[in-house]
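Enquirer: I have a structure here, written as structure tokens, and I will follow up with some questions on it.
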Amino acid sequence: MEPSKAKELASLFLTGGGASRKKVTKEQLAETCASLNEDPDYVAYLEEEFGVPAPYLCATFADRAAEYSTMSEATRRRELPELAAHLEVCTDCLDIYRDVYLSAFAAGIQRVQGELKVLGEPIRLVLNWAGNITEFGVGPAALLRLADTSLGAMEALPMAAGETTAEKAWDLLLDEARDLSLHLDIVPGKRARTVEVRFNLTGSGAAAESKMELTYQKEDGTDKGNGPLLRHQTIPLILDCASWLLRLTSTSGTTWEIPLVLNHEN
Ligand SMILES: [Zn+2]
């Protein structure tokens, strides 16, 4: 059977409902399957359409993850749309991607423009009406989730409106050779639709970074500011729901950029 005919019958069988399904004979279905099995890309596509990660794409992803992590979102959509879709359904690949590529800004893995090192994926969060924070999209894996707190502790917290009931934290490796990491904490702010962001430098390299500077900028440029990290940490930064770029610049001139996307539920 011609591949195009097989695809046509497959979509008729799968999406056409009962009546269309009856039009595809058993023999045709067998021929369709035989023909489509020759086309691993299409089989993978079908599996993912049904929410089943395709092992075929796991291997492709493993081969190209490093390259993928250096691409802009537009390039990914243009050149590797099947891998972007794969990451949405395959927790195995997502875990590897997060562990290996998104906890660090290492050169050659993240985009490096001169001394600017950009985190491979933005941290994307949505704030709900109850003051909890949820992650969405493919971003670096958070350390703390609400489920990590013991049930007793959660019950002890009164659920007043606007009260902090959740926290998100990340450890991002800034410079492995110097043992320098950033501990990032995000909690809902006291005002609605805001968050408080705390930065702490950790690792033995932190002591040498007494003059690290933090800058933050809203993507549309309407709000920005900067300040030093005092004793390796900042006073909390209050950000409203928008897209932000957070940048840390060391005295040696290296800048680490963290895109942060904040949304809220209505
Ligand atoms: Zn996979």
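Enquirer: Taking only the alpha-carbon positions of segment 166-266 and ignoring solvent, what does the Debye formula give for the base-10 log of I(q)/I(0) at q = 0.15, 0.20, 0.25 Å⁻¹?
Expert: -0.59, -1.01, -1.46
Enquirer: Here's another thing I want to ask about it. Go through segment 176-266 and name the trypsin sites (Lys or Arg not before Pro) that are in a DSSP coil and have 16 or fewer other Cβ atoms within 10 Å of their Cβ.
Expert: Here the trypsin sites (Lys or Arg not before Pro) that fit, given the DSSP loop and packing criteria, are 178, 190, 191, 193, 211, 231.
Enquirer: Normalising by the residue count of segment 3-101, find the relative contact order in percent from Cα pairs under 8 Å and 6+ residues apart.
Expert: Result for segment 3-101 is 21 percent.
Enquirer: In addition: Subtracting the Cα-Cα distance from 0.36 nm times the residue separation, let me have the gained length for residue 210 to residue 116 in nm, one decimal.
Expert: Contour length minus Cα-Cα distance gives 31.9 nm.
Enquirer: Can I ask one more? How would 13, 199 line up from fewest to most surrounding beta-carbon atoms within 10 angstrom?
Expert: 13, 199
Enquirer: Which GluC sites (Glu not before Pro) from segment 1-64 combine a DSSP loop assignment with at most 14 other Cβ atoms within 10 Å?
Expert: Within segment 1-64, the qualifying GluC sites (Glu not before Pro) (loop, at most 14 other Cβ atoms within 10 Å) are 38.
Enquirer: What does the extension gain come out to for residue 134 and residue 220, with contour length at 0.36 nm per residue minus their alpha carbon separation?
Expert: Full-extension gain reported as 28.6 nm.
Enquirer: I've got another one for you. Reported to two decimal places, what Rg/Rh ratio describes segment 3-101 when computed on Cα atoms with Rh from the Kirkwood expression?
Expert: 1.08
Enquirer: Under the 0.36 nm per residue contour assumption, what length would be gained going from the current alpha-carbon distance of residue 13 and residue 245 to full extension?
Expert: So the extension gain works out to 78.8 nm.
Enquirer: Right, next: Give the long-range amide H neighbours of residue 116: residues separated by 5 or more places, or on another chain, with amide H under 5 Å away, using H modelled in the peptide plane at 1.01 Å from N.
Expert: 255
Enquirer: Now for a different question. Run the simple label-point estimate for residue 100 and residue 191 please: 7 Å along Cα→C-beta, distance reported in nm.
Expert: 4.3 nm
Enquirer: Placing +1 on the Cβ of each Lys and Arg and -1 on the Cβ of each Asp and Glu in segment 196-266, which of 244, 206, 217 has its Cα farthest towards the positive end of the resulting dipole?
Expert: 206
Enquirer: Say the dipole of segment 3-101 comes from +1 at the beta carbon of Lys and Arg and -1 at that of Asp and Glu; which of 13, 69, 80 then lies farthest toward its positive end?
Expert: 13
Enquirer: With the crude spin-label approximation of a point 7 Å out along Cα→Cβ, what separation in nm comes out for residue 29 versus residue 1?
Expert: 1.1 nm
Enquirer: For residue 5, give me every one of the lysines with a C-alpha distance below 22 angstrom, ignoring sequence neighbours fewer than eight places off in its own chain.
Expert: 22, 23, 26
FYI, it's all coordinate maths here, none of it is from the lab. This structure is a prediction, so every number in the text was calculated from the model and none was measured. With ideal geometry, Cβ positions are generated from the backbone for all residues, glycine too; neighbour counts draw on all protein chains shown.
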